[in-house]
Structure formats: C-alpha cells, structure tokens
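Structure, as structure tokens:
The values are calculated or read from the model by the stated rules, or taken from the named source; none is laboratory data. Because the structure is a prediction, the values reported are computed rather than measured. Every residue, glycine among them, receives a Cβ derived from its backbone with ideal geometry; neighbour counts consider all protein chains shown.
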C-alpha cells in the first residue's frame, strides 16, 4: 500500500513514516522544509520516501499536482500550523493553512483516481471547551476561542461538509490530543521545552501547571490513524473519531514536568513563569470509547509509559545514540505490545 503523508517533515510525520515502513508500506510526503534539527533530517528519511514534495498546502495548484504525481492509495493529512501561541502571533497564516489548506488537500484527493481512503487529522481543541470533567465525544459541539483552535474547528467542519457533499473518496476525521514522543523540537510544547531545558541544566518555566491535558504517546495516536485508514479501506470508518488516552492519563502539566525531571535526573526541576499569558483552555479531554468499541483500537501505553519513553529517547540521543535507531527500536517495542 502506498501512503501519502502531508506534514511528514514535522514531529508526527517521521514517526508515521517509520511506522508505515515497518509495516511494509511505501510512503510519500508533502510538506514544507523541515526545521533545523528535525527528526526528519536527523533520521535521514528523505532517502526512504517514494516522493518527497516541498509544497505549501495554501497553494492549491501545487498541492493538486503533488498528490496526482504521487498517486497514493491512502492520504493522511496532518500538515498544519499547530501551535496555539504562534496562532496569536500569525492568525492569518494559521487560518489559511489549517482551513483553506485542508480544502486544497480535499480537492486534490478528489481529483486523484488512485486514492482509496483519506484520513484528515484535526485536534481535541476543535471542541467548544466548557471545562467539563467528562471527555468530549464526537457529537459534542465544536468551537475555538484562540485562532489555532478555531482554524482547526473550521477544517473539521469543512471536512464534515465535504464528506456529505462529495461522497467520492472514503474520508474520515481523526481528532487527537496532546501527543508526546522523541524528536519533537517544537517551541511552546511542554515535553520539548522540558527536554531542552533539562539537557542544558536549566529550570523550565511553566505558564499553567494546573492545566489538565490528556497525555498520549505519539505511536498510540498514529496507530489510531492507521486503524481508521484500514477501516476506510474495508468499507467502514466514515465520520469523526477521537483517539485519546484513558482517564488515568488526564494529568496536570506540573505533574508531567515533575515526572520528566525525575526521569532525567541530575537535579532537574521546573519553576512557575510569572506574568499574564494568552488564553488556553484549562481542561481538554477526549472520550475515545467509540474508536475502542467500533474500530478495536486501544492505547498500548499509559501516561507514565508515554513520558518515560519520551525521556528515554531524549536521554539516549542526547548521549550520542542514533535517532533513527532509537526510533525504530521504540516502534518495534510498541508493535510487540
């Protein structure tokens, strides 16, 4: 099977690429250039792709040409501007990339005869957040107070409309939560910021240590995407699907930082950042029981496993281990669970 992954040069992209390759699939990619120090470059993934397109999904013509040239069986659309704080700094780019970029990918897929299934990735932040204790289910209302959340809710609604209006290529929406794992170099994400600080003997500053997030290892989330793709190929799976961790993985940011510090060792610790900060929702939790019940998907790693695997990856690579080897080893360990 030939998969086209948009956003393959980001954080999730290299993990998804290597997971697909480990399962015997061919992979092509469509994305912007990777950031300096990316896992994509450090693992040398360009040499393992059928096609490696450098395309801005805001460019409809270039996006369509790349998808047609790749001629994949399955498309997994992950390309996005995915940071809340960056969305405040550059809202227009965020809306154009996440909403209109998704429309461009949907149109490109519809015009490519080879495509048999399309999984569009949004986020847990598409839900109208009311700080409820229960996890959000797929039928809950969508919303978004910040530009990032609103732009992804727009992409989600746009895709829902597309599925109903143009029922050609079987298409589904996957909503994931906070994922963690080795090789994430994004700014304003907790684990990358913690790792960068601990590795240099600094105490990271936390904005909202009491905020609760659903912490999930990237491989559990990606396995959900591929389980959904398999369902689409088999004639089911249309609609929206949550892929989040269990209730025991809804943990405060401060607890995650403390566990990461303990795992890193060497006196690592964190401090509270003073001052006012842009709004972020206090509680975000997904109810993934639909995917568990109807797709047979499950999380293989709990919260402590997810953080432990992430810190283990970072410590080994920081100590000189090859990022590609460590990533492949963790994928093999995951597949054995």
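Before moving on, here are some points about what is shown:
- Residues of region 110-135 classified as surrounded by fewer than 24 Cβ atoms within 10 Å (Cβ to Cβ) and outside any helix (DSSP H, G or I), total: 13
- Residue in region 140-149 that is farther than 26 Å from residue 248 by Cα, in a helix (DSSP H, G or I) and modelled with pLDDT of 95 or more present: yes
- Flag for residue 297 being touching a helix residue (DSSP H, G or I) at 6+ places or on another chain (Cβ under 8 Å), part of a helix (DSSP H, G or I) and modelled with pLDDT of 95 or more: no
- Residue count for region 155-172, restricted to those that are closer than 16 Å to residue 235 by Cα and touching a strand residue (DSSP E or B) at 6+ places or on another chain (Cβ under 7 Å): 5.
- Of all residue pairs spaced 6 or more apart or on separate chains, none has beta-carbon atoms under 6 Å together with a first member in region 221-244 that is on the phi < 0 side of the Ramachandran plot and surrounded by 17 or more Cβ atoms within 10 Å (Cβ to Cβ) and a second member that is at pLDDT below 95 and assigned to a helix (DSSP H, G or I).
- Within region 207-236, restricting attention to residues that are in contact with a strand residue (DSSP E or B) (Cβ under 6 Å, 6 or more places away or on another chain) and modelled with pLDDT under 95, the residue that is farthest from residue 121 (Cα to Cα) is 210.
Residues checked against (1) touching a residue at least 60 places away in the same chain (Cβ under 8 Å); (2) closer than 19 Å to residue 174 by Cβ; (3) more than 16 Å from the chain's Cα centre (by Cα); (4) assigned to a helix (DSSP H, G or I):
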{"residue": "57", "(1), (2), (3), (4)": "no, yes, yes, no"}
{"residue": "62", "(1), (2), (3), (4)": "no, no, yes, yes"}
{"residue": "69", "(1), (2), (3), (4)": "no, no, yes, yes"}
{"residue": "72", "(1), (2), (3), (4)": "yes, yes, yes, no"}
{"residue": "81", "(1), (2), (3), (4)": "yes, yes, no, no"}
{"residue": "85", "(1), (2), (3), (4)": "yes, no, yes, yes"}
{"residue": "88", "(1), (2), (3), (4)": "yes, no, yes, yes"}
{"residue": "105", "(1), (2), (3), (4)": "yes, yes, yes, yes"}
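- Per the listing 195, 251, 218, 212, the residue uniquely under 30 Å from residue 160 (Cα atoms) and touching a helix residue (DSSP H, G or I) at 6+ places or on another chain (Cβ under 6 Å) is 218.
Residue-by-condition table, conditions (1) surrounded by fewer than 16 Cβ atoms within 10 Å (Cβ to Cβ); (2) within 21 Å of residue 226 (Cα to Cα); (3) in contact (Cβ under 8 Å) with a residue 60 or more places away in the chain:
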{"residue": "287", "(1), (2), (3)": "no, yes, yes"}
{"residue": "295", "(1), (2), (3)": "no, yes, yes"}
{"residue": "306", "(1), (2), (3)": "no, yes, yes"}
{"residue": "315", "(1), (2), (3)": "no, no, no"}
{"residue": "322", "(1), (2), (3)": "yes, no, no"}
{"residue": "326", "(1), (2), (3)": "no, no, yes"}
{"residue": "331", "(1), (2), (3)": "no, yes, yes"}
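- Top-ranked residue of region 197-233 - restricted to ones that are more than 20 Å from the chain's Cα centre (by Cα) and in a helix (DSSP H, G or I), ranked as nearest to residue 83 (Cα to Cα): 197
- Count of region 13-47 residues which are touching a strand residue (DSSP E or B) at 6+ places or on another chain (Cβ under 7 Å) and either over 25 Å from residue 196 (Cβ atoms) or not in a loop (DSSP other than H, G, I, E, B) (or both): 13
- Any hit, region 152-165, residues being within 22 Å of residue 330 (Cα to Cα) and touching a residue at least 12 places away in the same chain (Cβ under 8 Å): no
- Any hit, region 167-185, residues being under 19 Å from the mean Cα position of the chain (by Cα) and surrounded by fewer than 21 Cβ atoms within 10 Å (Cβ to Cβ): yes
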